[in-house]
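The values are calculated or read from the model by the stated rules, or taken from the named source; none is laboratory data. Computed from a prediction, not measured in an experiment: that's the story for all the values here. Neighbour counts are summed over all protein chains in view; Cβ atoms, including those assigned to glycine, are modelled from backbone coordinates with ideal geometry.
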Amino acid sequence: MKIILLMGIFVSTLIFIFILKKIAQKFSLMDIPNERSMHEKIIPRGAGIAFVFSIFFILFFFDLEYLKTYYYIYFAIAIVWIVGILDDLRDISPKIKFVFIFFATLILYYNNFTIYSLGTYLGYEIIFPSWLVFPFTFFALAGYTNALNLMDGLDGLAASISIVMLTTFFAIGIQHNDELLITLSSFFIVTLVAFLIFNWHPAKIFMGDSGSLTLGVVIVILTIQAVQYITPASVLFIIALPLLDTFIVMTRRIQRHQSLFIADKNHMHHFLYNVKGDIRYTVVILATMQAIFSIIGYQVSQANNLLSLVLFMLLFYIYLNLFDQRLKRRKK
């Protein structure tokens, strides 16, 4: 039955995105290039409206019992998806996005789906006091959705690295026979593969915030579910690239005494693209990097938290210097 659902999601995604492309201009779902854009033509956006809707559509009509079982998970996802749709249509303020993410976190919190521990270090488990559980879970949801949103800067990039991360969670789900990990990850893998047919360079449509914000919250939900079976430190590897990219950009802005919230072209994909000027090459390299991190995370999933954290920090330091935009100026 699940295979039929996956096939239905794949086909419906193709159909809904095709329809959305036809009506995008009517609803002002068009991405007009600006000084920060990596494309030169006006291209439809908001494909997340279609590929997330395809999952809800198929589940509602063909597996309603499953949807009822995990209603709080899909309700939280739907809330973030809706604010993404609003942003694609009207460019709403970040404050409104945070309000929606707050309510999504609240739903998860009242169903005991939260981050309550950072793992065991030197024999001591770091457990959050009850008053800190909700704020930290909200911080994780808001922070990671924003981090993944910032990675959506090249044709096929956000979808490709998301597929890599989702595949890792799928493997963990298979290993531990976890229904939520298996189904939620596989549903989004399939819908993203269908989306990539339209989004691979040269892209015919972009996912928009309706896609990137939703993917961010889905990955955090899978992370919370996965830490039942793997160490919290190993999760950092599995979801690494958006984290690294955000930390690198924020670090550079602090070093340059710039606002942390300004838009710029100092992300990892900008750096790599400037090296060779090839979008496909850049996306493949970054997806491969995420795959390497995910494999490491899977391999150290039962290892000591402290050792995994030290290894992650070491790799972060290497990447921090590898993607240093100032290297060219130093050589000159």
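Please verify whether LYS97 is crowded, with 16+ Cβ neighbours inside 10 Å, among the charged types (D, E, K, R) and more than 30 Å from ARG280 (Cα to Cα), treating the condition exactly as stated. So LYS97 fits the description; yes. Looking at segment 180-255, the helices (runs of 4 or more DSSP H) lying wholly inside it that each contain 3 or more residues that are in contact (Cβ under 8 Å) with a residue 40 or more places away in the chain and either in contact with a Phe, Trp or Tyr (Cβ under 6 Å, 6 or more places away or on another chain) or over 21 Å from PHE312 (Cα atoms) (or both) sit at 208-226, 240-255. Tell me, yes or no, whether segment 109-116 has at least one residue that is loosely packed, with under 14 Cβ neighbours inside 10 Å and under 26 Å from PHE53 (Cβ atoms). Within segment 109-116 (the criterion being loosely packed, with under 14 Cβ neighbours inside 10 Å and under 26 Å from PHE53 (Cβ atoms)), the answer is yes, since at least one residue qualifies.
Determine whether LEU122 is under 10 Å from the mean Cα position of the chain (by Cα), surrounded by fewer than 20 Cβ atoms within 10 Å (Cβ to Cβ) and at pLDDT below 95. For LEU122, the condition - under 10 Å from the mean Cα position of the chain (by Cα), surrounded by fewer than 20 Cβ atoms within 10 Å (Cβ to Cβ) and at pLDDT below 95 - is not met.
Within segment 275-290, the set of residues being at pLDDT 90 or above and more than 19 Å from ILE248 (Cβ to Cβ) comprises ARG280, VAL284.
Per-residue answers, yes or no, for (1) more than 25 Å from ARG90 (Cα to Cα); (2) of a type in the set (A, V, I, L, M, F, W, C); (3) modelled with pLDDT of 95 or more:
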{"position": "ILE163", "(1), (2), (3)": "yes, yes, yes"}
{"position": "LEU180", "(1), (2), (3)": "yes, yes, yes"}
{"position": "TRP200", "(1), (2), (3)": "yes, yes, no"}
{"position": "GLY216", "(1), (2), (3)": "no, no, yes"}
{"position": "ALA226", "(1), (2), (3)": "yes, yes, yes"}
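Got at least one residue in segment 301-313 being surrounded by 12 or more Cβ atoms within 10 Å (Cβ to Cβ), at pLDDT 80 or above, of a type outside the set (A, V, I, L, M, F, W, C) and out of contact with any Ser or Thr (no Cβ under 6 Å at 6 or more places or on another chain)? Within segment 301-313, one or more residues are surrounded by 12 or more Cβ atoms within 10 Å (Cβ to Cβ), at pLDDT 80 or above, of a type outside the set (A, V, I, L, M, F, W, C) and out of contact with any Ser or Thr (no Cβ under 6 Å at 6 or more places or on another chain).
Check segment 61-70 and report whether any residue there is of a type in the set (Ser, Thr, Tyr), modelled with pLDDT of 95 or more and crowded, with 24+ Cβ neighbours inside 10 Å. Among the residues of segment 61-70, not one is of a type in the set (Ser, Thr, Tyr), modelled with pLDDT of 95 or more and crowded, with 24+ Cβ neighbours inside 10 Å, which makes the answer no.
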